[in-house]
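Report on one structure; see the data block that follows.
The values are calculated or read from the model by the stated rules, or taken from the named source; none is laboratory data. As the structure is a prediction and not an experimental result, all values here were calculated from the model. All Cβ positions, glycine included, derive from the backbone under ideal geometry; neighbour counts span all protein chains shown. Note: areas computed on protein heavy atoms with side chains; ligands, DNA, RNA excluded. Shrake-Rupley method; radii C 1.70, N 1.55, O 1.52, S 1.80 Å.
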Amino acid sequence: MDIALPRACLNDEQRVALTPAGVQALTRAGHNVYVERGAGDGAGFADTEFSAAGAQLVWSAEEAIARADLLVTVDGVPEAAFEWLRPGPL
C-alpha cells in the first residue's frame with residue numbers, strides 16, 4: 001500500500017500523524033510511505049529521520065497525496081487538495 005504523510009495544513013498545527021518509528025513499522029511491513037519534506041519539523045522530527053526509517057521524501061503535499069492509497073493527517077484534508085486524490089481511495 002502507498003501511504004502519504006503530508007505536512008499539517010493549519011498554521012498553528014505542530015503535530016505529525018506518524019513518527020519515524022511508525023514509518024519504519026509500515027515500511028518493514030512492505031508499505032511505501034511518502035513523506036512531504038518538513039512534515040515533522042514542528043514535532044521535532046527531521047526529514048533525515050523519516051528517510052532513515054524508510055520513507056520516500058517528496059517535495060509537496062500534492063505529490064504525496066497523488067501517490068497514496070491511504071492519506072494520514074492530523075488536521076484533515078483541505079478542500080483544495082481533493083483534486084490531488086487518486087480515483088478510488090474514497
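Table for the structure above
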read-out	value
Test result for Ala46, open to solvent by 70 Å² or more (accessible area, probe 1.4 Å), among the small types (Gly, Ala, Ser) and over 10 Å from the mean Cα position of the chain (by Cα)	no
Top-ranked residue in region 49-65 [being touching a Ser or Thr at 6+ places or on another chain (Cβ under 9 Å) and of a type in the set (A, V, I, L, M); ranked as most open to solvent (accessible area, probe 1.4 Å)]	Leu57
Filtered residues of region 19-36 (kept if farther than 15 Å from Val72 by Cα and outside any helix (DSSP H, G or I))	Ala29, Gly30
Any hit, region 19-33, residues being touching a Ser or Thr at 6+ places or on another chain (Cβ under 8 Å) and surrounded by fewer than 18 Cβ atoms within 10 Å (Cβ to Cβ)	no
Odd one out for Phe82 among (1) open to solvent by 80 Å² or more (accessible area, probe 1.4 Å); (2) assigned to a strand (DSSP E or B); (3) among the aromatic types (Phe, Trp, Tyr)	(2)
The lone exception for Val77 - which of (1) open to solvent by 50 Å² or more (accessible area, probe 1.4 Å); (2) at pLDDT 95 or above; (3) not hydroxyl-bearing (Ser, Thr, Tyr) it fails	(2)
In region 1-18, residue most open to solvent (accessible area, probe 1.4 Å) [restricted to those that are out of contact with any Asp or Glu (no Cβ under 6 Å at 6 or more places or on another chain) and part of a loop (DSSP other than H, G, I, E, B)]	Asn11
